[in-house]
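Notes follow once the structure below has been shown.
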């Protein structure tokens, strides 16, 4: 999973060609810690996506710009266009994240 050290780099990366999945998280978040162990398997299963870890506290401007207040959350992009979001403050299971990704267009 990639991680960038600035909001501008994240914004630039999601504009590049291909499918991107932003994973908003924070170290202090228990629900984020719950889903993190499942992330390598999810990344492997959905290899057509580039997964990008976004630390909500370090990248607060990106989180605010995208309306992400609750974490963990996921936002999908394809060729720079948002294609879907799974954004709320609830704990997410591997099955729920997979269902979200399976429901995305193309």
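The values are calculated or read from the model by the stated rules, or taken from the named source; none is laboratory data. Note that this is a predicted model, so its numbers are computed, not measured. For neighbour counting, all protein chains shown are included, and Cβ atoms are generated from backbone atoms with ideal geometry for every residue, glycine included.
Structure notes:
- Search result, residues across segment 40-56 that are out of contact with any strand residue (DSSP E or B) (no Cβ under 7 Å at 6 or more places or on another chain) and more than 20 Å from residue 78 (Cα to Cα): 40, 41
- Taking every residue in segment 13-24 that is at positive phi and assigned to a loop (DSSP other than H, G, I, E, B) and pairing it with any residue that is surrounded by 13 or more Cβ atoms within 10 Å (Cβ to Cβ) and modelled with pLDDT of 95 or more, at least 6 positions away or on another chain, the pairs with Cβ-Cβ distances below 9 Å are 18/49; 18/50; 18/77; 18/78.
- Selection within segment 44-89 - in a helix (DSSP H, G or I) and within 11 Å of the chain's Cα centre (by Cα): 63
- Residues (in contact with a strand residue (DSSP E or B) (Cβ under 8 Å, 6 or more places away or on another chain), surrounded by fewer than 15 Cβ atoms within 10 Å (Cβ to Cβ) and within 13 Å of residue 22 (Cβ to Cβ)) located in segment 57-89: 82
- Taking (1) touching a helix residue (DSSP H, G or I) at 6+ places or on another chain (Cβ under 7 Å); (2) surrounded by fewer than 18 Cβ atoms within 10 Å (Cβ to Cβ); (3) in a loop (DSSP other than H, G, I, E, B) in turn, residue 92 satisfies each apart from (2).
- Scanning segment 95-106 for residues that are loosely packed, with under 12 Cβ neighbours inside 10 Å and either at pLDDT below 95 or in a loop (DSSP other than H, G, I, E, B) (or both) yields 103, 105, 106.
- Being free of Cβ contacts under 8 Å to residues at least 40 places away in the same chain, surrounded by 12 or more Cβ atoms within 10 Å (Cβ to Cβ) and under 18 Å from residue 84 (Cβ atoms) is a condition met by at least one residue of segment 28-40.
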